[in-house]
Amino acid sequence: MKLGVRDALYLFIIFLLIAQLWSVSHENERLREEQKGIKETLVTSQFIHEIFELRRHAKLTNALMDTPLDTESKLALLIELNNTKYSLSGLERDVDHLGAWLGYENDSLFPSGGDCVELLEVVYYTVQSENMTHEDVLLASNGLDTIINFTRVYPPTYGNIIQGLSDMNKECRRLLQEANRT
């Protein structure tokens, strides 16, 4: 079997097409990796923003807990407790949704209410009822400190944020269980 010029030209064209196909698929893979990196950067910067908001509200709430409760300061405390709860549940929801968008699956988080959100609700209703005991103040202070400590997650990668939220919620669960025993 003898190859003619025409056959050699066809083989050369096929070789060029295969090389072009390999090059395009290699470039597509590189672009997919770059796109994934960009998505992770966007999500991480969103989380950093939300964590700073949460820290700001938690610190303000903690400071308001230390002031004598007249009508205005009680109202301010209730507002900041609500803002802290809203920021935390928003962060947990976004971690769940944006993590799924990145391709991560994590069933250990509650989309809109972990144990720290529950703790903040307990504190909110206790403040609102005007029957705060020393144990209630300790529960609030320890819960807020737990949330503030979480906001110091470093580096703020998706995995570290998931682990930080999980640890924070475990600590809030422990605080709630201790409060229920007394």
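The values are calculated or read from the model by the stated rules, or taken from the named source; none is laboratory data. Computed from a predicted structure; not experimentally measured. Every residue, glycine as well, gets a Cβ built from its backbone with ideal geometry; the counts of neighbours run over all protein chains shown. These area figures cover heavy atoms from the full protein model, side chains too; ligands, DNA and RNA do not enter into them. Shrake-Rupley method; radii C 1.70, N 1.55, O 1.52, S 1.80 Å.
Output the residues belonging to region 158-182 that are hydroxyl-bearing (S, T, Y) and in contact with an Asp or Glu (Cβ under 8 Å, 6 or more places away or on another chain). So that I can check it myself, show each step before the final result.
First, the residues of region 158-182 that are hydroxyl-bearing (S, T, Y): 158, 166, 182.
The answer is Y158, T182.
Residue check: is N82 over 22 Å from T157 (Cα atoms), buried (at least 16 other Cβ atoms within 10 Å of the Cβ) and not β-branched (V, I, T)? No; evaluated as a whole, the condition is false for this residue.
With respect to the conditions (1) in the same structural domain as Y124 (by the TED database); (2) free of Cβ contacts under 8 Å to residues at least 12 places away in the same chain, L75 lacks only one, and its number is (1). In the set E34, E40, only one residue is open to solvent by 70 Å² or more (accessible area, probe 1.4 Å), within 24 Å of Y158 (Cβ to Cβ) and outside the structural domain of I147 (by the TED database); that residue is E34. In region 129-138, the count of residues that are at pLDDT 90 or above, open to solvent by 80 Å² or more (accessible area, probe 1.4 Å) and of a type in the set (D, E) is zero.
Would you confirm, using the coordinates I've provided, whether R6 is within 23 Å of C172 (Cα to Cα), part of a helix (DSSP H, G or I) and among the basic types (K, R)? Criteria not met by R6.
Per-residue answers, yes or no, for (1) open to solvent by less than 90 Å² (accessible area, probe 1.4 Å); (2) modelled with pLDDT under 85; (3) in contact with a Ser or Thr (Cβ under 6 Å, 6 or more places away or on another chain):
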{"residue": "Y10", "(1), (2), (3)": "no, no, no"}
{"residue": "E27", "(1), (2), (3)": "yes, no, no"}
{"residue": "S45", "(1), (2), (3)": "yes, no, no"}
{"residue": "L102", "(1), (2), (3)": "yes, yes, no"}
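Residues being among the small types (G, A, S) and open to solvent by 20 Å² or more (accessible area, probe 1.4 Å) are entirely absent from region 143-155.
Residues of region 47-79 that are touching a helix residue (DSSP H, G or I) at 6+ places or on another chain (Cβ under 7 Å), open to solvent by 50 Å² or more (accessible area, probe 1.4 Å) and hydroxyl-bearing (S, T, Y): T67 alone.
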